[in-house]
Every structure is written in C-alpha cells, then in structure tokens.
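The values are calculated or read from the model by the stated rules, or taken from the named source; none is laboratory data. These numbers come from a predicted model, not from an experiment. Glycine gets a Cβ as well: all are built from the backbone with ideal geometry, and neighbour counts include every protein chain shown.
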Amino acid sequence: MCPEQGLVRVAQCVASDGARLVGIGRARVVEEVDKKSGLGQAPSYRWVILGLFAVMNIVNGVCQFQASFFAQDIMADFDVGTSGFTLMTAFPMMFGLLMSLAAGSLSDRFGQRKVLFVALLISATGAILRYFCTVYIALLLMSFLLGVAATFITVNVIKMAMAWFPQRQMGLAIGVGNASGTAGMAFAQAFMGILFPDYRSAFLWCGIAMVVVMVLWGIFGRDRVIVPPEDELPEEETKKGSFKDVMKSRGTWLAGIGGALYNGFNVTAAGLLITALAVCWTMDPVMAGIIASVFTVGMVVGGTFMPAVIMHLKAAKPICIAMPICAVVLFLLGWYIDNTVIRMILFPIAGFCFGSIFPIFSSFPSVLPEISSDNAGSAGGLLTTVSMIGAVVFPTFIITPIAGTDYNLIILLACGFMALCAVIFAVLPSISGNTKK
C-alpha cells in the first residue's frame, strides 16, 4: 500500500532470522505514516526513532546536569547549601516521582509522538525560563518543568524498543536509549566551564537546544503499535498486557528499587563530584570537570553495549552482581589515590561498570512474561517512579543532611547506595534465559 493511499499498513511482524518480536507471534503492525514523505514504512526507520531518542536524552542530560560545574556559584547566588543544590539537581526527577505512572499510561493510550512533543514543549519552556530566575523557589519550579520531558523519554524507552526492534536488538536499543542521557551529563561536566562564562548563559543556550529537539521530534517522530490478531493468541495470552499485570509484576518492582539505589549515587556524584574534587583535593575546577566527565564517558560506553551483551550470556546473574561491586572498588581507589593519571585510568573503568547497571534494570520489563507492548509504557512508568524515589530522597534527605559539607563522607555514602545494587541483582532472576521467545 502506498503512503498516499492511507495511513495504515498491515505487515507480518516476524524477523528475517525467524525470531519473533516480544513473544506475540505473528502480528499486524499498525503504523502512523506521513502522507507526504512516506517515512515510517521501512523497518529501518527504527534507527531514526532510536537516534531521536538519543538526541532528546543527550540534550535533556546536558540541561539537567549543566549546573554541576557552577555548583559553588549557584549555592552562593541563591544562598543554599549542598542539600539545596542537590535538591535543585534532583528536582527534575520530582516530576518523574509523581507522574511516571500517568506518563506511561498516557503514552500507551495516545501514542509516543503526541505525548513526547507536549512534554518537550513544557520542558523547553522551563529550560529557557531558568535564565531569568533570581530566587531559589523559581529555580526549583523551572527545574521541575525540565523533568517533564525527562520523565516521558525515560518511560518510553522500553515501549520504543519493544515496538520497533526485534528481540535480538532490544538490549542495544534500551542501552542506547538510556545511556544517551548519561552522554549528555558527561558533556555538561566536561565542557560547561569551557563553553560558557556563567550558568545563566548555559541555561539559555540549553533551552534553545531543547526547542530544536522538540521541532525535530515533531517532524520526524513516529508511532508504531503492535496489535496481535485475536484469533492467533491462546486465551490466556489475550489477558496479558493490562495495568494490573504491571502492578503485580515483582520483577518490575525490584528493578525499580535497583534503579532507585543507582540514582542515589548517580545524582549525588553528578551534582557534587566536581566540587568534591576541587575542595578535597584542591584540584582545578576545569580538570575536576574533565575527571568527572571521563567517569561519565565510561558510563555511556558501559550503558550502551553491556545490556545487549549480558542479556545473551548464561553467566548474566553473577556478572550483574559483580558490576556494582567492581564499580565501588575502582571508584574509591580513584577517589583516594591523589594522582590525576591514575584517576584518568580508574574512573572510566569504574564508570563502565556502573553505567551498565541502570540500563540492565530497565531491560527487565522487556523479558518478563507479564509485560507486553500493550503495557510497556505503564511498566516503564512504574520502574521510573520507584527509581525517582532514590533520585530525590537519597541525595537530598539522607546523604547530604548526614554529611553536610564533608565531601569525603558524601562520596562514601553515595558509594554505599551503589553497592546495594548488587543485592537487588542477587534477588532478581537472571536476565539471560528469560527472553521472550
């Protein structure tokens, strides 16, 4: 069917190598197609969608973590301490804490294209208005709006991967979708101090970048919904895919708790590592930003490639357990050995181990039998909601109130949350061998 003849085409959803998509067997694929361009017809368009998700996440990561380089200036100008600054860093995730479940349900009901465009519009507004903030409460509010896009992007990564990618590529799609946000964080840590003279100019330009991303998604974003034919599924299979199945999913809840522990370290380190290196080790702030960024670059590489590899290994479970332990050991060695060269070696390796943790947790719903493409958005919403508890509560109300301005203690407490991820991997089933056939 030519795109000019209508908006819907029906195709068999069986990969060329015989692998079936997400366990639903033969399926009709209902796909939104642009009348003029015809984009979205070919399966290869999944790479465009993945690329758009990556760009959205990169820009969002830069906007959220660009303040880390200017932490001391922001704390002085807005008269807040470390707890106030970490709250500002984590406040975009407050929207995710409150609205992730609703965001997932909205995506399941109305499609990714519409809801992501609206979310990007709201966040672009908040990102630009941060430039004009002169009081702390206003800065928090604009940071909250910035979290709208972050939430909708995060909860839709799983849905995007399950709708567009065959099972053999799903780990890669989820890894890229999640790790791209970390790439934005690495860019912010390494280049904010070089590119911009102060945090206000950084806020303004990143707001403009959000507008550009919104326009790109509005032009090239597409929906692809998998609809299994009723006569080809067993009776019990047709009952799957509900919101109730998501709420009863033990694996999704546990993966969300693991994500919360991950965020307890990640938000703390993203917001305060540069300042901690400068204060505790009298390091030049630009060099401290580079050190922090190489750790984050390691996270990007690990988060992009390791989920796809680990999901196909028989020894996946012991490897998953070892990852956070190795990350803690290497990170603490890099922290306490006051040598720039050694830190440049140890931090990216630690980042590689650490960066793979959250994408693996995020991958669990895609291999759980109770989760299908019909309720993948809700599953992503539940996982994100629980994960955001750790992003907001652990750094702001546990780590910094206990440690104050003792940055050594801040680092130790944050590493404790990272180490607990190993316990969650021990409780979860192995992610290999659970893939839907």
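Is there a residue in the range 160-179 that is polar (S, T, N, Q), closer than 23 Å to Thr275 by Cα and in a helix (DSSP H, G or I)? Steps first, answer last, please.
Taking the range 160-179 as the starting set, the residues that turn out to be polar (S, T, N, Q) are 167, 169, 178.
From the residues that got through so far, the ones that are closer than 23 Å to Thr275 by Cα too are none.
No: the range 160-179 contains no residue that is polar (S, T, N, Q), closer than 23 Å to Thr275 by Cα and in a helix (DSSP H, G or I).
For the range 184-211, give me the residue count where each residue is among the aliphatic types (A, V, I, L, M) and farther than 21 Å from Leu277 by Cα.
Our first condition is that a residue be among the aliphatic types (A, V, I, L, M); within the range 184-211, this holds for 185-186, 188, 190, 192, 194-195, 202, 204, 208-211.
Those left that are additionally farther than 21 Å from Leu277 by Cα: 202, 204, 208-211.
Residues flagged as among the aliphatic types (A, V, I, L, M) and farther than 21 Å from Leu277 by Cα within the range 184-211 amount to 6.
So the check is Cβ under 6 Å with 6+ separation or different chains; which pairs have a first residue in the range 309-336 that's over 19 Å from Gly259 (Cα atoms) and a second one that's aromatic (Phe, Trp, Tyr)?
Correct list of pairs: Gly334/Phe347.
Looking at this structure, is Val267 touching a residue at least 24 places away in the same chain (Cβ under 8 Å), in a helix (DSSP H, G or I) and touching a Ser or Thr at 6+ places or on another chain (Cβ under 8 Å)? Even if it seems obvious, please write down each step before you answer.
Details: touching a residue at least 24 places away in the same chain (Cβ under 8 Å): yes; in a helix (DSSP H, G or I): yes; touching a Ser or Thr at 6+ places or on another chain (Cβ under 8 Å): yes.
Against the criterion (touching a residue at least 24 places away in the same chain (Cβ under 8 Å), in a helix (DSSP H, G or I) and touching a Ser or Thr at 6+ places or on another chain (Cβ under 8 Å)), Val267 qualifies.
Hey, among the residues in the range 15-72 that are at positive phi, touching a helix residue (DSSP H, G or I) at 6+ places or on another chain (Cβ under 9 Å) and in a loop (DSSP other than H, G, I, E, B), which one's modelled with the lowest pLDDT? I'd like the intermediate steps shown before the answer.
Taking the range 15-72 and keeping what is at positive phi, we get 18, 22-23, 25, 38, 40.
Now narrow it down to the ones that are touching a helix residue (DSSP H, G or I) at 6+ places or on another chain (Cβ under 9 Å): 22-23, 25, 38, 40.
Applying the additional criterion that residues be in a loop (DSSP other than H, G, I, E, B) yields 25, 38, 40.
Numbers: Gly25: 34, Gly38: 37, Gly40: 40.
My answer is Gly25.
Identify, by number, the condition in (1) at pLDDT below 85; (2) touching a Ser or Thr at 6+ places or on another chain (Cβ under 9 Å) that Ser363 doesn't meet.
(2)
Are any residues in the range 73-89 part of a helix (DSSP H, G or I) and of a type in the set (A, V, I, L, M, F, W, C), and if so, which ones?
Initially, the range 73-89 is screened for residues part of a helix (DSSP H, G or I), giving 73-77, 82-89.
Passing the criteria: Ile74, Met75, Ala76, Phe85, Leu87, Met88.
Which number in (1) assigned to a helix (DSSP H, G or I); (2) in contact with a Lys or Arg (Cβ under 8 Å, 6 or more places away or on another chain) marks the one condition that Ser123 misses?
Every condition holds for Ser123 apart from (2).
Hey, does the range 113-123 have a residue that's more than 30 Å from Gly404 (Cα to Cα), free of Cβ contacts under 8 Å to residues at least 12 places away in the same chain, of a type in the set (A, V, I, L, M) and surrounded by fewer than 24 Cβ atoms within 10 Å (Cβ to Cβ)?
Taking every residue of the range 113-123 in turn, at least one turns out to be more than 30 Å from Gly404 (Cα to Cα), free of Cβ contacts under 8 Å to residues at least 12 places away in the same chain, of a type in the set (A, V, I, L, M) and surrounded by fewer than 24 Cβ atoms within 10 Å (Cβ to Cβ).
How do the helices (runs of 4 or more DSSP H) wholly within the range 345-407 filter down when requiring 1 or more residues that are touching a residue at least 24 places away in the same chain (Cβ under 8 Å) and more than 23 Å from Leu332 (Cα to Cα): which remain?
357-367, 376-393
Pairs under 6 Å by beta carbon, first residue β-branched (Val, Ile, Thr) in the range 124-139, partner in a helix (DSSP H, G or I), six or more apart or different chains?
From residues that are β-branched (Val, Ile, Thr), the pairs are Ile128/Gly207.
Of the residues that make up the range 104-117, is at least one within 30 Å of Phe191 (Cβ to Cβ), at pLDDT 90 or above and not β-branched (Val, Ile, Thr)?
Checked the range 104-117: at least one residue is within 30 Å of Phe191 (Cβ to Cβ), at pLDDT 90 or above and not β-branched (Val, Ile, Thr).
Of everything in the range 180-206, what is among the aliphatic types (A, V, I, L, M) and within 13 Å of Asn60 (Cβ to Cβ)? Give them in sequence order.
So in the range 180-206, the residues among the aliphatic types (A, V, I, L, M) come out as 183, 185-186, 188, 190, 192, 194-195, 202, 204.
Answer for the range 180-206, where residues must be among the aliphatic types (A, V, I, L, M) and within 13 Å of Asn60 (Cβ to Cβ): Ala183, Met185, Ala188.
Which of the residues belonging to the range 126-146 are among the hydrophobic types (A, V, I, L, M, F, W, C) and not in a helix (DSSP H, G or I)? If you could, list the steps in order and put the result at the bottom.
From the range 126-146, those among the hydrophobic types (A, V, I, L, M, F, W, C) are 127-129, 132-133, 135, 137-142, 144-146; that's our starting set.
Within the range 126-146, Cys133, Val135 meet the criteria.
In the list Val367, Val392, Val341, which residue meets the criterion of being surrounded by fewer than 23 Cβ atoms within 10 Å (Cβ to Cβ), of a type outside the set (Phe, Trp, Tyr) and under 18 Å from Gly258 (Cα atoms)? Reasoning before the result, please.
Values: Val392 fails: surrounded by fewer than 23 Cβ atoms within 10 Å (Cβ to Cβ); Val341 fails: under 18 Å from Gly258 (Cα atoms).
Of Val367, Val392, Val341, the one residue that is surrounded by fewer than 23 Cβ atoms within 10 Å (Cβ to Cβ), of a type outside the set (Phe, Trp, Tyr) and under 18 Å from Gly258 (Cα atoms) is Val367.
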